[in-house]
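Here, each number is a calculation from the coordinates, and none is a lab measurement. Just so it is clear, the structure is predicted and the values come from calculations on it, not from any experiment. For neighbour counting, all protein chains shown are included, and Cβ atoms are generated from backbone atoms with ideal geometry for every residue, glycine included.
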Amino acid sequence: MSRRVARTRPSRSDLSSGAAPCSELAKHAATPLGTVGVALLGVLWITSTVLALVYIKQRKVQAHRKWMTTSYALCYGAVILRSAGPLLTTYGVSLTVANTIEMWSWVGGLVFVWWLFGLEAPRAARPAAASASR
């Protein structure tokens, strides 16, 4: 397997991937809380993608993988968002409540990714932190 890293430049559409769908979904949110949820999804999606690009340019592959996985989880959050509403209304949840829950349903995927990678310090920082506490 080759260890070469492809050198590509992200296009504007790559970096704005979170803005377009989230701004469109925010218009259809039934409550202000739902609008905030979708807007936050867009901001976090773009931020995680930009951080992943920064880390791969610095050749920090592990950090890049974590941020790209986070970006993917947020991207997939838009899919979950679209399927949560109909499921909730099928089980008798009111449309307004279902819409608010739907607009925040992406948080579950994000929490799963954070749990998957753990919230621990990078390996290089552990010995310094251990010696500093002595």
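Maximal additional length on extending the VAL107-LEU87 stretch stands at 5.5 nm, based on 0.36 nm per residue less the C-alpha distance.
Here the label points at VAL97 and VAL43, each 7 Å from Cα along the C-beta direction, are separated by 2.8 nm in the simple model.
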